[in-house]
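S.K.: Could you have a look at this structure, given as structure tokens, before my questions?
The values are calculated or read from the model by the stated rules, or taken from the named source; none is laboratory data. Only a predicted model underlies this, so the values are computations on that prediction, with no experimental measurement involved. Methodologically, a virtual Cβ is constructed for each residue, glycine included, from the backbone with ideal geometry; neighbour enumeration extends over all protein chains shown.
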Amino acid sequence: MPLDLHRRLLAEFDNYRKRVEAERRRTEGWARAELMSRLLPLLDDCERARRALTEEPERFDRHGVLIILGRLAEALEREGLDPVAASPGMAFDPQVHEAVLVVPAADVPAGSIAEVLQAGYQAGDRLLRPARVAVARAPEDGSAAPDGSPRD
């Protein structure tokens, strides 16, 4: 292959790579902008709630905040956000749970989740944030066997 042809092909490939990268960034920017535009009404609602809390605390509507939280959860769910399954008694899974504490617990098996401290979330098969949990261990008083079952 002549040297000039080789250089031209390398330059064309480099230009192609740059175009693809620019298109990827542009598409990513549009996706971000679309999500932000969908969340703006919720930001407005939060700002109104903040203003009501600081300017007229006696008229502050706690129920309104719960409605805003529900709308935010629905908007994120529509975008593909799913909570990580985590509840007391459920087996601890290091793939999706982060153990923050180990606590004595007689009401759930040792090694399982005793308490969910912060919800975790995933989008599709991508973990965005693990659920932060307290993991149970057998109580010190010996009221439970090592596997979490009651002793006889």
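S.K.: Quick one: is GLU115 part of a strand (DSSP E or B), over 30 Å from ARG32 (Cβ atoms), among the acidic types (Asp, Glu) and modelled with pLDDT of 90 or more? Outline the logic, then answer.
M.R.: Details: part of a strand (DSSP E or B): yes; over 30 Å from ARG32 (Cβ atoms): yes; among the acidic types (Asp, Glu): yes; modelled with pLDDT of 90 or more: yes.
Yes: the conditions hold for GLU115.
S.K.: If you don't mind, another one. Six or more apart or on different chains, Cβ atoms under 8 Å: show the pairs whose first residue is in segment 72-84 and touching a residue at least 60 places away in the same chain (Cβ under 8 Å) and assigned by TED's automatic domain parsing to the domain that holds LEU39 and whose second is part of a strand (DSSP E or B) and aromatic (Phe, Trp, Tyr).
M.R.: none
S.K.: I've got another one for you. Of all residues in segment 86-107, count the ones that are in a loop (DSSP other than H, G, I, E, B), loosely packed, with under 13 Cβ neighbours inside 10 Å and modelled with pLDDT of 95 or more.
M.R.: Going through segment 86-107 one residue at a time, the tally reaches 3.
S.K.: Can you tell me how many residues within segment 118-131 are outside any strand (DSSP E or B), on the phi < 0 side of the Ramachandran plot and of a type in the set (Gly, Ala, Ser)?
M.R.: Of segment 118-131, the ones outside any strand (DSSP E or B) are 119-120, 124-125, 130.
Restricting the remaining residues to those that are on the phi < 0 side of the Ramachandran plot gives 119-120, 125, 130.
If we keep only those that are of a type in the set (Gly, Ala, Ser) too, we end up with 119-120.
Counting residues in segment 118-131 that are outside any strand (DSSP E or B), on the phi < 0 side of the Ramachandran plot and of a type in the set (Gly, Ala, Ser) gives 2.
S.K.: How many residues, within segment 94-111, are within 27 Å of GLU77 (Cβ to Cβ), in contact with a strand residue (DSSP E or B) (Cβ under 9 Å, 6 or more places away or on another chain) and not hydrophobic (A, V, I, L, M, F, W, C)?
M.R.: The qualifying residues number 3.
S.K.: Next question, about the same structure. Please go through segment 44-56 and give me each residue that is without any contact (Cβ under 8 Å) to a residue 24 or more places away in the chain and in contact with a helix residue (DSSP H, G or I) (Cβ under 7 Å, 6 or more places away or on another chain), ordered by number.
M.R.: Of all residues in segment 44-56, those without any contact (Cβ under 8 Å) to a residue 24 or more places away in the chain come to 44, 46-56.
The answer is CYS46, ALA49, ALA52.
S.K.: Restricting to segment 112-132, what's the tally of residues that are in contact with a Phe, Trp or Tyr (Cβ under 7 Å, 6 or more places away or on another chain) and surrounded by fewer than 17 Cβ atoms within 10 Å (Cβ to Cβ)?
M.R.: Restricting attention to segment 112-132, the residues satisfying the condition of being in contact with a Phe, Trp or Tyr (Cβ under 7 Å, 6 or more places away or on another chain) are 112-113, 128-129.
Remaining after also requiring surrounded by fewer than 17 Cβ atoms within 10 Å (Cβ to Cβ): 128-129.
Of the residues in that region, 2 qualify.
The rows are residues; the columns are (1) in contact with a helix residue (DSSP H, G or I) (Cβ under 7 Å, 6 or more places away or on another chain); (2) within 30 Å of ASP141 (Cα to Cα); (3) not charged (D, E, K, R).
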site: GLU58; (1), (2), (3): no, no, no
site: LEU69; (1), (2), (3): no, no, yes
site: ALA73; (1), (2), (3): no, no, yes
site: ASP82; (1), (2), (3): no, no, no
site: ALA85; (1), (2), (3): no, no, yes
site: PHE92; (1), (2), (3): no, yes, yes
site: GLN95; (1), (2), (3): no, no, yes
site: GLU98; (1), (2), (3): no, yes, no
site: ILE113; (1), (2), (3): no, yes, yes
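S.K.: I'm trying to understand the selection: among the residues of segment 65-77, which are among the small types (Gly, Ala, Ser) and surrounded by 14 or more Cβ atoms within 10 Å (Cβ to Cβ)? First the steps, then the outcome.
M.R.: First, the residues of segment 65-77 that are among the small types (Gly, Ala, Ser): 70, 73, 75.
Within segment 65-77, just ALA75 meets the criteria.
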